[in-house]
């Protein structure tokens, strides 16, 4: 039986790599005594796939994984058994049993929302930077991996300013997993160019992952 699980990777484990997270989940399932399916062949491994790669240094409020289990369970039983053995930094939000015809997580998630928190005194500068980025026809940055200049503006779906007591947040909803995908590191480069020094950042995280359909962002756990 295939399952999607929504979880939080908290700030205390933000520096665990993608591979570290896969190993963490393998240990967690072993401790919960949930019967994981194994792949076939000479080097079998558990059928666990994290939906999207979360860059090292970010924590994630709503992350996803796909897993195949032997037998069947009620979603709340699966959730409670995982929560009972989860280490600090992992919180299991929801579990969804999948129909056979549902595609993989990696095939459906194509948008992400990143949040960058500043102190309140940065609100004016952050709002100005957000407005300039929204109005820009191009936002060109140098991609660190290959030193290639790229225009990230086509991959930015929306920019929101979120004020609240004691802080100010910029939220960027961007494409992921496609040619126009925008990396979080590229958003930081663009903000540098807009005059927002990253030394003024209080925190940053990925707030959610979505299915971008007809200009609507759909929660993957509610996908038909």
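Some notes on this structure:
- Think of it as helices only: each DSSP H run of n ≥ 4 in the chain is worth -39500 (n - 2.57), and spread over all residues that comes to -7000 deg cm²/dmol at 222 nm.
- FRET efficiency, 1/(1 + (r/R0)^6) with R0 35 Å, evaluated for residue 85 and residue 132 via beta carbons: 0.15
- Helix axis angle, 123-135 relative to the chain longest principal axis, alpha carbon, degrees: 90 degrees
- Restricted to Cα atoms, the stretch 2-107 shows a radius of gyration and a Dmax of 13.3, 37 angstrom.
- Both radii come from the Cα set of the chain: Rg as radius of gyration, Rh as Kirkwood radius; their ratio Rg/Rh reads 1.00.
- Counting only alpha carbon atoms, the long axis of helix 18-32 and the longest principal axis of the chain meet at about 30°.
- Between 0 and 90 degrees, the angle of helix 184-193 with respect to the longest Cα principal axis of the chain falls at about 10 degrees.
- Here r is the Cβ-Cβ distance between residue 140 and residue 224 and R0 is 25 Å; the resulting FRET efficiency, rounded to 0.05, is 0.05.
- Cα convex hull of the stretch 109-222 - mean projected area over all directions, nm²: 7.6 nm²
- Taken over the stretch 115-174, the convex hull of the Cα atoms encloses 89 Å³ per residue.
- Distance between modelled label sites at residue 15 and residue 203, nm, 7 Å Cα→Cβ extension: 1.8 nm
- DSSP-defined beta bridges in the chain - what % are antiparallel, rounded to 5: 95 percent
- Percent antiparallel among DSSP beta bridges (both partners in the stretch 2-107, rounded to 5): 100 percent
- Cβ-Cβ distance of residue 153 and residue 76, R₀ of 45 Å, FRET efficiency by 1/(1 + (r/R0)^6): the value works out to about 0.55.
- Peptides 50-60, 147-157 ordered by packing proxy, namely the average of other Cβ atoms within 10 Å per residue, highest first: 50-60, 147-157.
Only the coordinates and a few stated rules stand behind these numbers; no lab work does. Bear in mind the structure is a predicted one, so any value in this text is a computation, not a measurement. Neighbour counts are summed over all protein chains in view; Cβ atoms, including those assigned to glycine, are modelled from backbone coordinates with ideal geometry.
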